[in-house]
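Heads up, the thing below is written out as structure tokens.
The values are calculated or read from the model by the stated rules, or taken from the named source; none is laboratory data. Bear in mind that the values here come from a model prediction, so they are computed numbers and not experimental data. Cβ placement follows ideal geometry from the backbone for every residue including glycine, while neighbour counts extend to all protein chains displayed. In case anyone asks, the SASA skips ligands and DNA or RNA and just uses the protein heavy atoms, side chains included. Shrake-Rupley method; radii C 1.70, N 1.55, O 1.52, S 1.80 Å.
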Amino acid sequence: MASTPLRQQLSIMRQSLFDEGILDHEQVSYLETLENEDDPDFIENVFTLFLRDSTRYIDSIEKAFETSPVDYPVMERMMYGLKGSSASIGASKINVETNTLRKNFHDGDMESGKASLQKLKAEHANFKEKLVVYVGMLKQAKLSEY
């Protein structure tokens, strides 16, 4: 029964991710229903892929913004991809920040866009830090069940 304290800890952490608005409860609950015997690591894999892809999206947005002239088509594609992937896994704050960034750029407000990009990067770093721990705990809890 060594997994009981770990499961409790996992449950507390999961709830805190919802309470802080980092993850959307409804979307994560839906994703958890997709996990089954054929794909027992589904949720960990989805989160891990998001962390990898979202980092690439943000790096590409930043590079496109730094080019002269700004590479708007690349930025738009990357922001659209980040918006979609963050919504699909329930990364609430990242989704909100991406929408704010898109609005600023669509409005031509480059100064607010710069600030939005920095806020998005900070939110992503916070998300990544917490999600890496959460995914690690999920894996550990599953291993302790075997």
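Of all aspartates and glutamates in the structure, those lying under 19 Å Cα to Cα from residue 139, and not within fewer than 8 positions of it along the same chain, are 32, 35, 37, 38, 39, 41, 44, 129.
Model label sites at residue 12 and residue 77, defined 7 Å from Cα along the beta-carbon direction, differ in position by 4.6 nm.
In angstrom, the C-alpha Rg and Dmax of region 57-126 are 11.0, 34. Each Lys or Arg adds one and each Asp or Glu subtracts one; over the other residues with Cβ under 9 Å from the Cβ of residue 20, this totals +1.
Counted residue by residue at 0.36 nm each, then reduced by the alpha carbon distance between them, the extension gain from residue 62 to residue 34 reaches 6.7 nm. Figure note: 102, 52, 77 ranked by solvent-accessible area, largest first, 1.4 Å probe, ligands and nucleic acids not counted: 77, 52, 102.
For region 71-122, the solvent-accessible area works out to 49 Å² per residue, with a probe of 1.4 Å and every protein chain left in place. Rounded to the nearest 20 debye, the dipole magnitude of region 49-146 is 380 debye, with +1 charges on Lys and Arg beta carbons, -1 on Asp and Glu beta carbons, and the Cα centre as origin. The 3J(HN,Hα) values that the Karplus relation (6.51, -1.76, 1.60; θ = phi - 60°) gives for region 75-87 are, in residue order, 4, 4, 4, 5, 5, 5, x, 5, 4, x, 5, 5, 5 Hz. Gly and Pro appear as x. For the chain, relative contact order (Cα pairs under 8 Å, six or more residues apart, normalised by length) works out to 30 percent.
Counted residue by residue at 0.36 nm each, then reduced by the alpha carbon distance between them, the extension gain from residue 99 to residue 25 reaches 24.7 nm.
Stokes-Einstein diffusion for the chain, with the hydrodynamic radius set to the Kirkwood value over Cα pairs and evaluated at 37 °C in a medium of 0.692 mPa s, equals 202 µm²/s. Pairs from the table (103/130; 63/121; 93/142; 83/119; 83/121; 63/130) lying more than 19 angstrom apart at Cα are 103/130; 93/142; 63/130. Put 106, 124 in order of accessible area, highest first, and with a 1.4 Å probe you get 106, 124.
Dividing the helix sum by the residues of the chain, where each DSSP H run of 4 or more adds -39500 (n - 2.57), gives a mean residue ellipticity at 222 nm of -28500 deg cm²/dmol.
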